[in-house]
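Let me begin by presenting the structure, written as structure tokens, before commenting on it.
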Amino acid sequence: MDLDGDARPALLGREAERGALDELLDDARDGRGNAVVVHGEPGIGKTALLDYMVASAPDFQVLRTVGNEAERELPFAALQQLCATGLADLSQLPEPQRDALSVTFGLVTGAPPDRLLVSLAVLSLLSQLSHDHPLLCVVDDTQWIDR
Ligand SMILES: Nc1ncnc2c1ncn2[C@@H]1O[C@H](COP(=O)(O)OP(=O)(O)OP(=O)(O)O)[C@@H](O)[C@H]1O
Ligand SMILES: [Mg+2]
């Protein structure tokens, strides 16, 4: 029985995977950022592991996005979802980067920005968001995210 009221049951087993994710979080707490890819058969428990990681990171700012089949052709849809909570801070970015992200996310109209500029802007935004807390970016169902 689920006594915590969570929709998902507690994670069983997966000690090695949990250990690896715990280690990544500890490294990030010490200022050593890294990335991990969780892959496996459908239904094997990838999202459950991501949920475990998020639950283990109460001291992190968590940005999360999930690919959506209906939006797979929409450029930057998942990126917009990932960055949504940070968009209030766009004003801190260098002007060309701020303009690029503002157009990308449909906040202003303009010519489609250079992809390098968009990438730089996202990097700046993530660095900015990680000033006060370590930052955890969780991207699920990448098979449905635009290139
Ligand atoms: N280690 C585990 N202990 C208990 N329940 C688990 C475990 N792993 C997965 N589950 C349960 O199995 C179901 C499927 O898991 P999950 O949704 O995480 O799989 P997935 O790999 O993300 O699937 P998909 O490929 O469809 O996205 C969920 O109900 C989840 O709570
Ligand atoms: Mg899943």
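The values are calculated or read from the model by the stated rules, or taken from the named source; none is laboratory data. Just so it is clear, the structure is predicted and the values come from calculations on it, not from any experiment. Note that each Cβ is placed from the backbone with ideal geometry, even for glycine, and that neighbours are counted across all protein chains shown.
Observations, loosely collected:
- Candidates L49, L11: the one that is touching a helix residue (DSSP H, G or I) at 6+ places or on another chain (Cβ under 8 Å), of a type outside the set (G, A, S) and modelled with pLDDT of 95 or more is L49.
- In the condition set (1) away from ligand 1 (no atom under 16 Å from the Cβ); (2) surrounded by 16 or more Cβ atoms within 10 Å (Cβ to Cβ); (3) under 15 Å from the mean Cα position of the chain (by Cα), L90 is compliant with all but (3).
- Test: residue in region 45-55 that is surrounded by 15 or more Cβ atoms within 10 Å (Cβ to Cβ), within 14 Å of ligand 1 (Cβ to nearest atom) and free of Cβ contacts under 8 Å to residues at least 24 places away in the same chain: no
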